[in-house]
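The values are calculated or read from the model by the stated rules, or taken from the named source; none is laboratory data. Keep in mind the model is a prediction, meaning the values are calculated, not measured. With ideal geometry, Cβ positions are generated from the backbone for all residues, glycine too; neighbour counts draw on all protein chains shown. Remember, those area values only see protein heavy atoms, side chains included, never the ligands or the DNA or RNA. Shrake-Rupley method; radii C 1.70, N 1.55, O 1.52, S 1.80 Å.
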Amino acid sequence: MVLKRFSQLRLETELADRWLRWTLLAWAVIAGWYLWDRWGSISWLALSDTDDNMRMMQVRGLLAGQGWYDLRQYRLSPPGGLDIHWSRLVDLPIAALILIFKPLVGTAMAERLAVGIAPLLPLGVTMAALGASVRRLVAPTAWPLSIIILLGCTATMLMFRPLRIDHHGWQLAFLSLTVMGLADPRRVRGGLIVGLSSAASLTIGLELLPYCAMAGAIVALRWIWDAGEVRRMQGYALSLAGGSSAGFVLFASNANYAMRCDALTPVWLSAMVAAGALLFALGLWTPASRAARLIGAGAAGAAIAGGFAGLFPQCLSRPEGVSDELARVWLNNVREARPIYRHSFQLGFPLAVLPLIGTIGAGVAAWRSRRDDRLVGWIAIGLFTAFAGAMLLWQVRAGPAAQLLAVPGATALAWIVVPWCLDHRWMPVRVIGSVVGFLVVSGLFAGFVVKYVNVENPAASTRSAVVSRANARCASATGMAMLDRALPPSTLFTHVDLGPRLIVMTHHKGIAGPYHRNERAILDVHHAFTGAPAAFRGIARRYGAQYLLVCPNMAETTVYRARAKNGFYGQLARGQVPDWLEPVALPDKAPYRLWRIRYDR
């Protein structure tokens, strides 16, 4: 018994004192498994998302000598190219990995290794940040539970898997650092971490702007409640303003110097600097009265909101700044921009469960910590988690962040429930109860529920399978290689969602990509496919398109057929091909149909 107790204490000491070393080891094992499991896709450069493909082209452009502040993609929307509103920050680790591996394995394999490894880097940051938060708020040895629960966050983990090279993984990593800063008992350090991580996230993109705003509100609320939090707030204010300014100077593209609302432009930079300055000034004031601090913070918030509305009224509606037509035919129909209740049970239930559990767990932990220093930290995490869960009612794309923010609260519940079951005098409770309890508090039970509760329409499932197969075949490396062999470098008039993949995998140019600053090209493609056949050639001529490429049954084509059965694409789908389209032979198993556009008929 003594030996057993000694071994237990030694293990607890090892886990508590060397937690970061073990976390990094766990990350290495997880990363190795991911690379092994996904190696087939990595070797085929199977970037399935349009944004991942465009990120690859952005990195290639940088390594080929394209200007640091020039983010136009010149192989889409020729001849002028299309503007991409991103920044170079996320390009850096991908480009660095390519440069490291290129002398050893050549450019093609270096790219594949880079897209496999790059998404795993922010996963390591996320695991370490969540581990630090859980150690501070739950127990020094509770961090392994947070890793296990994180691995069960299916929506979150999708953003870290190999080939997912776009910015979402890094934004989630910075969000986890924000949580770590909110949980940090050292006030200045915590404030600096929250401010810098928010600034870095905004430098990448505005997707997590609401979370950054909520983090700032929580920092201010802590100061309102406890004047001793002034150093945290001032550290946050300085790092937010300074970090945003540095991010703008170092990473804002030439196009982002315009007064636009969809990126870290002078619009949002002004807001961040003003917010930082006002919060720092409030910290210098810091009256003794809580009511006075509340009034001061309210006045500062009203000044920022009023100034923003007065100076930048164009940003009070959609930040993308698109026309009503583009919103109607494209942006409003993006699946991830819909609220959770407009999605299937199979998708929505797992997304909603863990944020609810995390909020409950944070509340329980706050109650249990009501007489110690962890109370304020748990209230902050609880507010953050509840806010993230509520964001699902706005857009389902909030799911990965909502699951991530739920991990500390779920870990706190697991730390209560599982030991209670293991210490119970009844064997069934110790064995079965501990397993069931963990499955419930970690949200993992949701996977079993959706597996056995089938509420989908069989006909809809069949149509979805057909569309998914077409999407995969047309984006495959094998399919794209057919286009390279069939034609010399040309401009192909094709679907919006196929454009980024086309330029990554072939030597051809495309017309459009699913990016809101590419409004004219997106609408031109839509008008060309849904309008009268006679109008098509005039649109195609503007881009110098030499060929027409379509992918039957691709998701985008189903939209064209549904909106205009007698439009150009609807007629093509029924085999009604005008005489000015000359068929181009492709292999029998090709997923495409390809024609040369004749302008002389």
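Considering only residues that are free of Cβ contacts under 8 Å to residues at least 24 places away in the same chain and open to solvent by less than 50 Å² (accessible area, probe 1.4 Å), which ones fall in region 97-110?
Selection gives Leu97, Phe101, Gly106, Ala110.
Condition check ((1) assigned to a helix (DSSP H, G or I); (2) touching a His at 6+ places or on another chain (Cβ under 8 Å); (3) at pLDDT below 95) across all residues:
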{"site": "Val455", "(1), (2), (3)": "no, no, yes"}
{"site": "Arg469", "(1), (2), (3)": "yes, no, yes"}
{"site": "Pro489", "(1), (2), (3)": "no, yes, no"}
{"site": "Leu492", "(1), (2), (3)": "no, yes, no"}
{"site": "Pro500", "(1), (2), (3)": "yes, no, no"}
{"site": "His507", "(1), (2), (3)": "no, no, no"}
{"site": "Glu519", "(1), (2), (3)": "yes, no, yes"}
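Return the total of residues in region 488-546 being within 25 Å of the chain's Cα centre (by Cα) and either more than 26 Å from Val59 (Cα to Cα) or of a type in the set (S, T, N, Q) (or both).
Adding up the residues that qualify gives 1.
Quick grid of which residues meet (1) open to solvent by 10 Å² or more (accessible area, probe 1.4 Å); (2) at pLDDT below 95:
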{"residue": "Arg112", "(1), (2)": "yes, no"}
{"residue": "Ser133", "(1), (2)": "no, no"}
{"residue": "Gly152", "(1), (2)": "yes, yes"}
{"residue": "Arg164", "(1), (2)": "yes, no"}
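Report the residue count in region 579-593 for those that are more than 14 Å from Phe493 (Cβ to Cβ) and surrounded by 16 or more Cβ atoms within 10 Å (Cβ to Cβ).
Number of matching residues: 3.
Residues to consider are Leu71, Leu45, Leu76; find the one that is in a loop (DSSP other than H, G, I, E, B), surrounded by 18 or more Cβ atoms within 10 Å (Cβ to Cβ) and more than 21 Å from the chain's Cα centre (by Cα).
Of Leu71, Leu45, Leu76, the one residue that is in a loop (DSSP other than H, G, I, E, B), surrounded by 18 or more Cβ atoms within 10 Å (Cβ to Cβ) and more than 21 Å from the chain's Cα centre (by Cα) is Leu76.
With the condition kept exactly as written, say whether any residue in region 504-518 is open to solvent by 40 Å² or more (accessible area, probe 1.4 Å) and over 20 Å from Ala475 (Cβ atoms). Before you say what the answer is, go through the steps one by one.
First, pick out the residues of region 504-518 that are open to solvent by 40 Å² or more (accessible area, probe 1.4 Å): 507, 509.
Still in the running and over 20 Å from Ala475 (Cβ atoms): none.
Within region 504-518 (the criterion being open to solvent by 40 Å² or more (accessible area, probe 1.4 Å) and over 20 Å from Ala475 (Cβ atoms)), the answer is no, since none of the residues qualifies.
Let's see how each residue does on (1) in a helix (DSSP H, G or I); (2) under 26 Å from Gly377 (Cα atoms); (3) in contact with a strand residue (DSSP E or B) (Cβ under 8 Å, 6 or more places away or on another chain):
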residue: Ser201; (1), (2), (3): yes, yes, no
residue: Glu207; (1), (2), (3): no, yes, no
residue: Ala217; (1), (2), (3): yes, yes, no
residue: Arg231; (1), (2), (3): yes, yes, no
residue: Leu240; (1), (2), (3): yes, yes, no
residue: Gly247; (1), (2), (3): yes, no, no
residue: Asn256; (1), (2), (3): yes, no, no
residue: Cys261; (1), (2), (3): no, no, no
residue: Trp268; (1), (2), (3): yes, no, no
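Checking the condition at negative phi, buried (at least 18 other Cβ atoms within 10 Å of the Cβ) and not in a helix (DSSP H, G or I), which residue from Leu572, Leu523, Leu548 passes?
Leu548
Sort through Gly40, Gly61, Gly32 and tell me the only one that's touching a strand residue (DSSP E or B) at 6+ places or on another chain (Cβ under 9 Å) and either at pLDDT 95 or above or of a type in the set (Ser, Thr, Tyr) (or both).
Gly61
Of everything in region 285-299, what is in a helix (DSSP H, G or I) and in contact (Cβ under 8 Å) with a residue 40 or more places away in the chain? Give them in sequence order.
The answer is Arg290, Arg293, Leu294, Ala297.
Out of all the residues in region 16-37, is one or more of a type in the set (S, T, N, Q) and part of a loop (DSSP other than H, G, I, E, B)?
No - not one qualifying residue is present in region 16-37.
Are any residues in region 509-529 in contact (Cβ under 8 Å) with a residue 60 or more places away in the chain and of a type outside the set (D, E, K, R), and if so, which ones?
Passing the criteria: Gly510, Ile511, Ala512, Gly513, Pro514, Tyr515, His516, Asn518, Ala521, Ile522, Leu523, His526.
Inside region 358-413, can you point out the residues that are surrounded by 24 or more Cβ atoms within 10 Å (Cβ to Cβ), over 20 Å from Arg222 (Cβ atoms) and in contact with a Phe, Trp or Tyr (Cβ under 8 Å, 6 or more places away or on another chain)?
The answer is Ala401, and nothing else.
Which ones in region 174-190 are in a helix (DSSP H, G or I) and not aliphatic (A, V, I, L, M)?
Once the filter is applied, which keeps residues that are in a helix (DSSP H, G or I) and not aliphatic (A, V, I, L, M), region 174-190 yields Phe174, Ser176, Thr178, Gly181, Arg187, Arg189, Gly190.
What do you reckon, is Gly513 part of a helix (DSSP H, G or I) and either in contact with a Ser or Thr (Cβ under 7 Å, 6 or more places away or on another chain) or over 24 Å from Met480 (Cα atoms) (or both)?
no
Is it true that Pro144 is more than 20 Å from Arg501 (Cβ to Cβ) and either in a loop (DSSP other than H, G, I, E, B) or touching a His at 6+ places or on another chain (Cβ under 9 Å) (or both)? Write out each step before concluding.
On the way: more than 20 Å from Arg501 (Cβ to Cβ): yes; either in a loop (DSSP other than H, G, I, E, B) or touching a His at 6+ places or on another chain (Cβ under 9 Å) (or both): no.
So Pro144 does not fit the description; no.
Within region 315-331, track down each residue that is within 23 Å of Leu264 (Cα to Cα), open to solvent by less than 80 Å² (accessible area, probe 1.4 Å) and not hydroxyl-bearing (Ser, Thr, Tyr).
Cys315, Pro319, Glu320, Gly321, Val322, Leu326, Ala327, Leu331
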